[in-house]
Each structure stands twice: as structure tokens, then as C-alpha cells.
Amino acid sequence: MSDAILPQVSPPALPVPAAATAPALIPAQAARGVATGPSPLAWLAVIAAVIGLGYLLHGLVIPIALAALLAYFLNPLVVWIQGFGVRRTVSVTALFTAFALLVVLLATVVAPRFRAEIVALWSNLPGLAHTLEVGIDGAPFALRDVIAIAARGTRARSLAELRPHRSSCQP
């Protein structure tokens, strides 16, 4: 082997196609350095088309969105099951069956309890509203007491110690 240094040869430069170059600029825009793009009217047409398509297919939006979310979130489980040598169709069918059973189980176990809680809330609603009303009506007085404590700089054990004593014969 010879220790001679070989000259470095660079590969020939490839020609750049005309389509890969920067877009042509209108002379007035070239002076400002602004490239052309879609006109505002084109954007308005695209937005109108999307809204119109959404209106026409509004009945399909929720099922398609749910299917997409389900596929997105269950895909890692499908890939994990495929790691055990199970075919994708079998793993997807098993996962959707398990998911359906889970929904049915939740509907039969959780729904009655949820209904009972809603009925209890509905029956206690007048009392809760009264408690809230009393609390809101008493808020200015409680706020006055807190401001009085802060103004005095004292550390009382309770608000009752700071309230003025009221006589027992109030009108």
C-alpha cells in the first residue's frame, strides 16, 4: 500500500428542476418580499365548503368521532396482543367484545346507583337551595367579621369572641 494522498473528488452537481425553485413573484410583491398564496376568496370558499359538508353530515359526526377515538385508544392493546402471535382481526374482535361487555356491565351496575343518587339530589334540592340562600344572605356579615379581625390585628379563637355582645331584649 502506498501512503500517497489521493485528491478528493466531489460528485457532480445535479440540476435542480424548475418546479422545485421558489414560486414566481409579482413585481410589486417582489419588491416587498411577499410570496403569493391562496386568495382570501379561496379560503372563504374552503371554509364554506367545510361548514356545508358538516351540516350535511351532522348525523355521522358523532359515530365517526367515537369510532376514531376507540380505534386510536385501543390500537396499543391490539399491537400488544399481536405480540403474542394472535392475528389482528382476532385481537380487534376480542377487544371490541370486551369493551361492549364493559359498557353493559357499567350500565347494569353503575346506572341504578347513579339514578338513585340523582333522585336523592332532586328530593334534597329544596333544602340545599335554602342552605345556600342562608349562606349567601349571611356572607356580608361574615365578611364584616373577617375584616374586623384583620383590622384589629388580633388572633381570636373564634368570631364569637369579636362580635359585640347583644342584649337579650332585642326588639
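Here are the numbers for this structure:
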read-out: Efficiency of FRET from Cβ geometry, Ala68 and Ala120, R₀ 45 Å, rounded to 0.05; value: 0.75
read-out: Theoretical FRET efficiency, 1/(1+(r/R0)^6), r = Cβ-Cβ of Ser39 and Val61, R0 35 Å, to 0.05; value: 0.75
read-out: Calculated on alpha-carbon atoms, Rg and Dmax of segment 49-153 in Å; value: 26.5, 76
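None of the figures in this text is laboratory data; all of them are computed from the coordinates on show. Model, not experiment: these values are computed from the prediction. Glycine also receives a Cβ, built like all others from the backbone with ideal geometry; neighbour counts cover every protein chain displayed.
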